[in-house]
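The values are calculated or read from the model by the stated rules, or taken from the named source; none is laboratory data. Bear in mind the structure is a predicted one, so any value in this text is a computation, not a measurement. Every residue, glycine among them, receives a Cβ derived from its backbone with ideal geometry; neighbour counts consider all protein chains shown. Please note that ligands, DNA and RNA were not included when accessible areas were found on the heavy atoms of the full protein model with its side chains. Shrake-Rupley method; radii C 1.70, N 1.55, O 1.52, S 1.80 Å.
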Amino acid sequence: MDILENIELFDCPVCHGPGMLEEVNGWCLYATCLDCGCQTAEVTFNNEEEKIKAAEHAAMMWNIGKVISIGRGE
């Protein structure tokens, strides 16, 4: 089982769509909306222990609404 599946993400703070944690080439994680595409900043990690902390940090930023969004129509 993937550790990222155990981390709770609220609905998107912008459009209320589903959120998802994504990993980029084994060096960083971020949370993103599957509907509007807004996302958190990338959180880097170097090993599995740091990966868990990075995922928790990205989820915390997402859940408090700290996201980057270009907005509709841009």
Check: Considering only residues of region 1-36 that are more than 11 Å from Ala54 (Cβ to Cβ), assigned to a strand (DSSP E or B) and not hydrophobic (A, V, I, L, M, F, W, C), which is least open to solvent (accessible area, probe 1.4 Å)?
Finding: Thr32
Checklist line | Unique match (being crowded, with 20+ Cβ neighbours inside 10 Å, touching a helix residue (DSSP H, G or I) at 6+ places or on another chain (Cβ under 9 Å) and not charged (D, E, K, R)) among Thr44, Thr40 | finding: Thr40
Check: Among the residues of region 55-67, which ones are surrounded by 20 or more Cβ atoms within 10 Å (Cβ to Cβ), in a helix (DSSP H, G or I) and touching a Ser or Thr at 6+ places or on another chain (Cβ under 7 Å)?
Finding: Ala58, Trp62
Notebook entry, point to check: What number of residues within region 29-65 satisfy the criterion of being on the phi < 0 side of the Ramachandran plot and more than 10 Å from the chain's Cα centre (by Cα)?
Noted result: 14
Margin query: Just checking, does region 38-45 include any residue being in a loop (DSSP other than H, G, I, E, B), over 21 Å from Ile70 (Cβ atoms) and without any contact (Cβ under 8 Å) to a residue 60 or more places away in the chain?
Written below: yes
